Each structure stands twice: as structure tokens, then as C-alpha cells.
Amino acid sequence: MTRKVRRPPDLPDAPDRAPSRCRPAGLDATELLAAYTTGDLSPVEVVQDICALIAEREPELNAFWVHDPEHALEEARASEHRWSVGRPLGPLDGVPVTVKENLARSGIPMPAGTAGVVPIVPRRNCPVVDRIQESGGVILGSTVMPDWGMLSSGVSSLHGITRSPWDPSLTTGGSSSGAGAAAAGGYGPLHVGTDIGGSVRLPGTWLGLTTLKPSFGRVPLSAPYLGRVAGPITRSARDAALLLGVISRADPRDWTSLPAQELRLDDVVADPPLESVEGLRIGLHLDAGAGLPLDPEVRAAVAQAAALFERAGARVEQVPPFINEGTLTDLDQFWRVRSLVDLEALPAKRQQRVLPFIRRWVTAAAEVDGRRVLRDYSSIMSLQKATTRATEQFDFVLSPVAPVASFPAEHPMPWGETDLGMAHIGYTVPFSMSGQPAATTNCGFTADGRTIGLQVSGRRFDDVGVLRAVNWYEHHRPAGTAPVWPIPAREWERT
């Protein structure tokens, strides 16, 4: 196991952004599995190419907390043997995967993105990691996050700054910052992040990725919490479906998890997709009712996506705002108090190691009393009710993921160092609190080339339907809206 040395914050020139479908690192999981079946590729060849790419780009992108190429190659060799005798272990056998650092891996320290804590070293894997390993997935390592996961960027007191593979001057989004950078940068096709207010989906919009925040309880966790889920971060809906089918298997350690259910994902991974959108009732939600104003370029891209569904026979109707500024203020205060408890549990010297932005954010809640916290919690319950009532009449709701496009990598939040609370998650957090599934996929670019994500949310527990809708859109979206991934080209042939 190797831990990388952190680099100083000087920026090299942007990497070559030419696309590559030649090298294995540019392939998605379903393509890799097809190549393993035919013998056109082996897991060892794939892991070797991806590890070479990581060695090349990681000093700049800063996606990994722990990267273990030696162990990954050992696992790839075992997978290669299984494929050679026609006995793959499971649906991910030989496919490279990363997991966020707050998803426990036995023996791997869990610092939660902050220099302030003495990291917990778990003795047992979390359910997500167990499911990946049981299915033959090759875990490349654990990806970074900002302090306690409470930033929507890749800024961390422990890890430094994580940067976008599209443009290192831009953010990855957060808090699944390392997972997002790894996915867009070609560090394998499958990545698992966590989301409590947008932490899977925000990297989705600011990196052009396909992600899924599953229904609450769909993916078992070892440390469940109000709204918290783990979900796929990928480059296609079919890969998201493949990963969801593995990590959503039941596990008794999560007392909040849904009953065991076999998700029918076969038609999601079909190419072309099997279903149309004709007759669907789709909501278009362009006014969150709170937070930052919606950027006109983001609005136009999402509206264009909705128009595509409408031309294909869906009935598209406007969804009026169903939250207000008080909603975001109450939620923000609730989270500040939660993190204040974590901060105050640290010795004074360790408190000073926490990111200054986070220290200022949490100490602003120092005078909040228990009555206020209970009122905040009641407000969250009201948000759950408002979200489900506003959206239950629709098969799916289309909206922006965030009101703005990506921002400088050094900024902890979209607006920089100032304190605007949670003004950027008015589109994402309602579906976190209501427990509804919500996915992202790219639907356009700003004039200066930054990615714009479309959020597709669905009724509670309809994760499969949401992925079907995203898969349909990915097969029908206009030319020029699909990402050409910033994975450096390389001539590759079997040796």
C-alpha cells in the first residue's frame, strides 16, 4: 500500500484532452466485461493501463487518499485466471473500482477528509466494499473528500485541493471530490461516493458524469444517517446500473435499509435502450424557490433536455417552487450543530487543524439551543412532505443539479470564502431528505466549455425507472452535449 506525497499548489499546464477509445482506461465497465468474455482484454492489462494513467495524472488531480497498485494487480491476476477458465466470480469480476474514504475498508484509516482527527481504522469492510469484493471488483483505492464531507468542493485540510480532469483550475465538486475526479479522469469506470445533500450529484454536474443518489435505504451502509446514501459515480447510465445491482444487495448491518429486492436492470444496460418515453408525465423544475439564482446557461441546457423528452411524446409540465429560504437556513443550521459537536470533541490543538472555513461555519452555530435544533428537525420533516407532494404526480422530474457551473478549485464553496450557508443545494437536497432517487447526466456546456448536468428524479424506490430515463436521454441527447472525456490519448496494443 502506498500513500502519495502531496504536491504544492502550483499548476502545470492542462493535460491533453484528446479522447481515447484505444486504451483500456477509456472503456466503460460493460465494454471491459465484454472484452474479458471474448479475451480481447485481460484484467491485468486494464489495471496496468489505469495505474499508469494514475501515476501520470495523480500529482495534478489529487483524487486518492490511499492507492494500492500492487494489491490491485494481485487481484487482477486472480481475476484473469478466473476468466481464463470461464469462472468469473461475479458481475464486476476484473473491473477497476474506487470507493470514497468514508466507506470502511478493513485496515484502511478513515480520516473523513480532515487533518483534525485521529483516523479510525476499521476492522471490517462496510457493506458496499464487501459487495464489490464478492463480485470480483478490483478496488484501486480510497478517494478523498473535504473536511467531514461538509463542502461542495475538493478543498481539504488533510488532502489539499482536488482538481478537475477537464481543467485543473476548476473544482471537482464535493463532497465525493476524489471519486468524481477519478471517474472523469479515467481511473477506472466505477466509483462509489456518498450523498447527504448533493455530494454524489454535484460532482456529476461539475464533471459531466452520470451518477445516482439511490433511494434512501437502497444501498446498505454501516453508518446510516438522515438522508445519507452511497451511490454510483460513472460515465454512463448502464455502468451506474451495473454498479447499483451489486452494491444494493441487502445487508443486516444497516437497520434502515430496504427489504431485499432483485432490481430488474437488464433493459437499462441494453444498447440501444428498450423503452421510449412516450406518455410519461414529466415535471420541469427550474425555480428552486431558494438559494442562488439559476444561471441562464444552465437554465437553457435543462430546458433543452426537457424539450427533447417532450418531442419524444412525454407530457412536460412546470413544477413550481416548493421550498423557501427558511428551508435551507434551517437545514444548514441543523448540519452546523452536528459538525460543531464533532469539532468540540477534538482537543484544542486538533481543532486548529480543521479547515478554517469549516471552523467558521460550525462555530456560527455555537449559541443555537436544543429548542432551535428541534425546530430545524421539524423543518426537515416538512421538507420531506413538501418534496413528495410536489413531485408524486410525475413519473420523473427534470431540473438543474446546481444553479451554477463549476468554479475555481481553490474555493470551498461556489461563492468562495464567504458564508452563504447551503445556497447551492436547493435542487438536490429536497430529494436527499425525501429519500427519492435522483440521477445526473450531462446535458450541455457553457460557452466557455464547463459541463452542465441534468438531474432526473423519480418517485420513492423507483431507482430502476430513473436509470431507464437517464439511459434513454443519453442515447437521444443532441450532438455536442455528450462529454468527450479528458482521458489522455495513448496508443495501446497487446504485448
Item to check | Filter pass, Gly160 being surrounded by 24 or more Cβ atoms within 10 Å (Cβ to Cβ) and in contact with a Gly (Cβ under 9 Å, 6 or more places away or on another chain) | outcome: no
Next on the checklist: Just the residues that are over 12 Å from Ile323 (Cβ atoms) and hydrophobic (A, V, I, L, M, F, W, C), please, taken from the range 384-398.
Outcome noted: Phe394, Phe396, Val397, Leu398
Checklist entry - Of all the residues that make up the range 313-355, how many are in a helix (DSSP H, G or I), over 26 Å from Pro400 (Cβ atoms) and in contact (Cβ under 8 Å) with a residue 40 or more places away in the chain? => result 5
Checklist entry - Just one of the numbered conditions (1) under 17 Å from Thr481 (Cβ atoms); (2) part of a loop (DSSP other than H, G, I, E, B); (3) among the small types (Gly, Ala, Ser) is not true of Ala288; which one? => result (1)
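Rundown of residues vs (1) out of contact with any Pro (no Cβ under 7 Å at 6 or more places or on another chain); (2) closer than 23 Å to Ser434 by Cα; (3) in contact (Cβ under 8 Å) with a residue 24 or more places away in the chain, yes/no style:
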{"site": "Ala237", "(1), (2), (3)": "yes, yes, yes"}
{"site": "Leu244", "(1), (2), (3)": "no, yes, yes"}
{"site": "Arg249", "(1), (2), (3)": "yes, yes, yes"}
{"site": "Pro259", "(1), (2), (3)": "yes, yes, no"}
{"site": "Ser276", "(1), (2), (3)": "yes, no, yes"}
{"site": "Ile282", "(1), (2), (3)": "yes, yes, yes"}
{"site": "Leu286", "(1), (2), (3)": "yes, yes, yes"}
{"site": "Gly291", "(1), (2), (3)": "no, yes, yes"}
Checklist entry - Which number in (1) more than 22 Å from Phe309 (Cβ to Cβ); (2) of a type in the set (Phe, Trp, Tyr); (3) within 17 Å of the chain's Cα centre (by Cα) marks the one condition that Tyr427 misses? => result (1)
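Out of Arg360, Arg338, Arg372, I need the residue that is at pLDDT 95 or above, surrounded by 16 or more Cβ atoms within 10 Å (Cβ to Cβ) and among the basic types (Lys, Arg). Which one?
Numbers: Arg360 fails: surrounded by 16 or more Cβ atoms within 10 Å (Cβ to Cβ); Arg372 fails: surrounded by 16 or more Cβ atoms within 10 Å (Cβ to Cβ).
Arg338 is the lone residue from the list that is at pLDDT 95 or above, surrounded by 16 or more Cβ atoms within 10 Å (Cβ to Cβ) and among the basic types (Lys, Arg).
Does the range 190-216 hold any residues that are hydrophobic (A, V, I, L, M, F, W, C) and assigned to a loop (DSSP other than H, G, I, E, B), and which are they?
Kept after step one, since they are hydrophobic (A, V, I, L, M, F, W, C), are these residues of the range 190-216: 190, 192, 196, 200, 202, 206-207, 209, 212, 216.
Across the range 190-216, the qualifying residues are Ile196, Val200, Leu209, Phe216.
Quick one: which strands (runs of 3 or more DSSP E) sit completely within the range 396-495 and have at least 1 residues that are in contact with a Pro (Cβ under 7 Å, 6 or more places away or on another chain), in contact (Cβ under 8 Å) with a residue 60 or more places away in the chain and closer than 30 Å to Ser157 by Cβ? Lay out the reasoning, then the answer.
Details: elements: 396-400, 438-445, 451-458.
Ranges flagged: 451-458.
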Checklist entry - Picking from Val229, Val302, Val246, Val268, which residue would you name as being surrounded by 20 or more Cβ atoms within 10 Å (Cβ to Cβ) and modelled with pLDDT under 95? => result Val268
Checklist outcome for this item: For the range 189-220, the count of residues that are over 8 Å from the mean Cα position of the chain (by Cα), of a type in the set (A, V, I, L, M) and within 21 Å of Gln384 (Cα to Cα) equals 2
Checklist entry - Assuming Ile132 fulfils every condition listed in (1) surrounded by 24 or more Cβ atoms within 10 Å (Cβ to Cβ); (2) farther than 20 Å from Leu242 by Cβ; (3) over 14 Å from the mean Cα position of the chain (by Cα) apart from one, which condition is it? => result (2)
Checklist entry - For the range 151-162, does any single residue satisfy the condition of being of a type in the set (Ser, Thr, Tyr), under 14 Å from the mean Cα position of the chain (by Cα) and in a loop (DSSP other than H, G, I, E, B)? => result yes
Item to check | Pick from the range 49-68, criterion surrounded by fewer than 18 Cβ atoms within 10 Å (Cβ to Cβ) and over 22 Å from the mean Cα position of the chain (by Cα), ranking: nearest to Pro168 (Cα to Cα) | outcome: Glu56
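The values are calculated or read from the model by the stated rules, or taken from the named source; none is laboratory data. Just so it is clear, the structure is predicted and the values come from calculations on it, not from any experiment. For neighbour counting, all protein chains shown are included, and Cβ atoms are generated from backbone atoms with ideal geometry for every residue, glycine included.
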